[in-house]
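Undergrad: Dumping the structure here so I can ask a few things about it.
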Amino acid sequence: MALIDCPDCGKPVSNAARACPTCGYPVAEKLTQPPGSGTASLGAETQAPLAEVRPSWWGYFWHVFFFWLIVPPIIAYFRRASTVLRIFPDRITLTRGLLSKCYRDYNPRDIRSIDIDQSFLERIVGVGNLTISTAATAEGAEQINSIPDPKGVRDLILAQRGSR
């Protein structure tokens, strides 16, 4: 039986006593607890961590990969929906934009030339870039990308120019 100081009041207490006779602090329970629990562990929780580890981005590879696969088709859909070429018997109208609009009207007689540019792959799938050059505007040329059957569109515009 040894005498120890009470952790609460500081008076000498037997280590065999259940509680301090002066203040009632449970000495026997605190002596039987394993080291590291109780008041000593409170200091460990307030210290800064040595390292903070998060999962690697490689674990989320497919999430990032499919994000980039989904976004470009959405952008392509809105870019495609924002450009419309309409051919009427007396005029050609080009409309661009979804929220802000740009309207261009061309008289078929004012068209100077219609150019078609196609790469090898575009020729295989039947699309091309159509450039309409006019004498009536200062800018002179309007390019429309990825037009299906560009030769057919060119022939239709030329037919409208010759019919008036």
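The values are calculated or read from the model by the stated rules, or taken from the named source; none is laboratory data. Bear in mind that the values here come from a model prediction, so they are computed numbers and not experimental data. A quick note on method: Cβ atoms are made from the backbone with ideal geometry, for glycine too, and the neighbour counts reach across all protein chains shown.
Undergrad: Have a look at 90, 105 and point out the one that is without any contact (Cβ under 8 Å) to a residue 60 or more places away in the chain and out of contact with any Pro (no Cβ under 6 Å at 6 or more places or on another chain).
TA: 105
Undergrad: Can you find even one residue in the stretch 46-68 that is without any contact (Cβ under 8 Å) to a residue 24 or more places away in the chain, touching a Pro at 6+ places or on another chain (Cβ under 7 Å) and of a type in the set (Gly, Ala, Ser)?
TA: Scanning the stretch 46-68 turns up no residue that is without any contact (Cβ under 8 Å) to a residue 24 or more places away in the chain, touching a Pro at 6+ places or on another chain (Cβ under 7 Å) and of a type in the set (Gly, Ala, Ser).
Undergrad: Out of all the residues in the stretch 46-67, is one or more of a type in the set (Val, Ile, Thr) and modelled with pLDDT of 75 or more?
TA: yes
Undergrad: Moving to a separate point now. Can you tell me which residues in the stretch 133-161 are within 38 Å of the chain's Cα centre (by Cα), surrounded by 14 or more Cβ atoms within 10 Å (Cβ to Cβ) and either among the aliphatic types (A, V, I, L, M) or at pLDDT below 85 (or both)?
TA: Once the filter is applied, which keeps residues that are within 38 Å of the chain's Cα centre (by Cα), surrounded by 14 or more Cβ atoms within 10 Å (Cβ to Cβ) and either among the aliphatic types (A, V, I, L, M) or at pLDDT below 85 (or both), the stretch 133-161 yields 144, 147, 153.
Undergrad: I'm trying to understand the selection: among the residues of the stretch 131-157, which are of a type in the set (A, V, I, L, M, F, W, C), under 19 Å from residue 89 (Cα atoms) and assigned to a strand (DSSP E or B)?
TA: Of everything in the stretch 131-157, just one residue is of a type in the set (A, V, I, L, M, F, W, C), under 19 Å from residue 89 (Cα atoms) and assigned to a strand (DSSP E or B), namely 132.
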